[in-house]
1. Pick from segment 66-101 the residues that are out of contact with any helix residue (DSSP H, G or I) (no Cβ under 7 Å at 6 or more places or on another chain) and assigned to a loop (DSSP other than H, G, I, E, B): which of them is surrounded by the fewest Cβ atoms within 10 Å (Cβ to Cβ)?
2. Got a number for residues in segment 105-116 being out of contact with any Asp or Glu (no Cβ under 9 Å at 6 or more places or on another chain) and either surrounded by fewer than 23 Cβ atoms within 10 Å (Cβ to Cβ) or free of Cβ contacts under 8 Å to residues at least 40 places away in the same chain (or both)?
3. From Leu52, Leu12, Leu90, which residue is at pLDDT 95 or above and within 24 Å of Tyr367 (Cβ to Cβ)?
4. Val47: out of contact with any Pro (no Cβ under 9 Å at 6 or more places or on another chain) and of a type in the set (Val, Ile, Thr), yes or no?
5. Looking only at segment 10-33, decide whether some residue is part of a strand (DSSP E or B) and either among the small types (Gly, Ala, Ser) or surrounded by fewer than 22 Cβ atoms within 10 Å (Cβ to Cβ) (or both).
6. Looking at (1) surrounded by fewer than 24 Cβ atoms within 10 Å (Cβ to Cβ); (2) within 16 Å of the ligand (Cβ to nearest atom), which is the only condition Ala345 fails?
7. Out of segment 40-58, which residues are of a type outside the set (Gly, Ala, Ser), closer than 16 Å to Gly119 by Cβ and within 16 Å of the ligand (Cβ to nearest atom)?
Amino acid sequence: MDKMYDVKNIMLAENGRKRIEWAAQYMPVLANISKRFAREKPLKGQVVAACLHITTETANLLKTLSAGGAKVFACASNPLSTQDDVAASLVRDFNISIFAIKGESKETYYAHANASLDGNPTITMDDGADVVGLLHSSRREKLKNVIGGTEETTTGVIRLRAMAREKVLKYPIIAVNDAQTKHLFDNRYGTGQSTLDGIIRATNFLIAGSTVVIAGYGWCGKGAALRARGLGARVIVTEVDPIKALEAVMDGFWVQPMERAAKEGDVFITVTGDISVLCKEHFEEMKDGAIIANSGHFNVEIDIKALASLSVSKRTIRDFVEEYVMKDGRKLFLLAEGRLINLAAAEGHPAMVMDMSFANQALSAEYIVKNAKSLRADVYSVPREIDEEIAALKLKSMGIDIDVLSPKQKKYLTSWETGT
Ligand code: ADE
């Protein structure tokens, strides 16, 4: 790509700038870091290649990295998640190189990811490990400048740990997803709310009184189940892990194999991180009118080819809704081509929760710069102090005080003499 950016329409920038500002008011922790970064410039001389969902929240992270002295190149981490007005504003108003267009083809998606590497990054920031994948395959010549990276999501961390295990990972990466101030809030409350938001915006379907089937009871599945129940649904959870299944039972949900749940659901939501969760035998059993959505990172959880092979016709009936007519006349509705429904049909997680996720990203980038020499090519956790600092700042921004241990209590917690 010859240009320093590729966005849908630069004229959309004005709306994007206002929406970035709107999100900023709910991101006080990131704002605090941004102010310090502007003073101290901890990222001076660094070049960041960020492959993230290009949203108003991400814009505030990219601005923070820029304030810290980094040159920033960014591409989308999903072909459907880009907010085109935000992309335009980042280019026009903040001098950030963006390569992202909502609805881009697979070819353009990879052309954009490659373009983000043309700036010779020293730090990568991934959501799904696609940029790491490129750097370790077709763009290996760009590895030499990279001192470290960060990863935002569960699926990406799983890929990176596999790379580290097989000793093919070439530089240290911080698993931002594994920070407590990330997955306990973003994955649970962020995915929970935005997934239901995406389904409702796409369909205007009434959740109350319906049966919602959630495949996967990880942090994202827990969030989606909680919010579906909150809206009045009867919620069925499907799981393969007996501990998580038990947890779902004791949290008050029905637990069944998908084979049975397929017959009962009005709405299906996959959030497992694995492939072929909903496939031929399930589509054959589903009720007329069933709505099928995915909120896992990749569009692999729903076997769309099998759905197509069972159908006699397909049409787009609303934005983000494909109607498949089965041979027996039943209609099944697939949302957002099986891609992340929360980012495709809604706006992703609210800024209030992305505040913590992206504070982790910014502080992890700073940590990489400070510790590059001592880190090996491996996957690292976010240091505990960073996690605690973010939680403390978030509480402070919410005006919430908490207790502190007295010296006597601290001593008790580190001693063993006191018993019954
Ligand atoms: N992932 C989920 N929600 C997001 C958002 N609002 N911005 C960026 N990445 C996200």
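1. Asn95
2. Taking segment 105-116 first, the residues out of contact with any Asp or Glu (no Cβ under 9 Å at 6 or more places or on another chain) are 105-107, 114, 116.
If we keep only those that are either surrounded by fewer than 23 Cβ atoms within 10 Å (Cβ to Cβ) or free of Cβ contacts under 8 Å to residues at least 40 places away in the same chain (or both) as well, we get 105-107, 114.
Total meeting the criteria: 4.
3. Working: Leu12 fails: within 24 Å of Tyr367 (Cβ to Cβ); Leu90 fails: within 24 Å of Tyr367 (Cβ to Cβ).
It is Leu52.
4. Values: out of contact with any Pro (no Cβ under 9 Å at 6 or more places or on another chain): no; of a type in the set (Val, Ile, Thr): yes.
It is false that Val47 is out of contact with any Pro (no Cβ under 9 Å at 6 or more places or on another chain) and of a type in the set (Val, Ile, Thr).
5. The first filter runs over segment 10-33 and keeps only residues part of a strand (DSSP E or B), leaving none.
No, segment 10-33 contains no residue that is part of a strand (DSSP E or B) and either among the small types (Gly, Ala, Ser) or surrounded by fewer than 22 Cβ atoms within 10 Å (Cβ to Cβ) (or both).
6. Ala345 satisfies all of (1) surrounded by fewer than 24 Cβ atoms within 10 Å (Cβ to Cβ); (2) within 16 Å of the ligand (Cβ to nearest atom) except (1).
7. Val48, Cys51, Leu52
Conditions tested, residue by residue: (1) at pLDDT below 95; (2) surrounded by fewer than 21 Cβ atoms within 10 Å (Cβ to Cβ); (3) in contact with a strand residue (DSSP E or B) (Cβ under 6 Å, 6 or more places away or on another chain); (4) farther than 23 Å from Lys167 by Cα.
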residue	(1), (2), (3), (4)
Ala362	no, no, no, yes
Lys370	no, yes, no, yes
Ser374	no, yes, no, no
Ala377	no, yes, no, no
Ala392	no, yes, no, yes
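The values are calculated or read from the model by the stated rules, or taken from the named source; none is laboratory data. All values derive from a computational prediction rather than experimental measurement. So basically every Cβ, Gly included, is an ideal-geometry build from the backbone, and we count neighbours across all protein chains shown.
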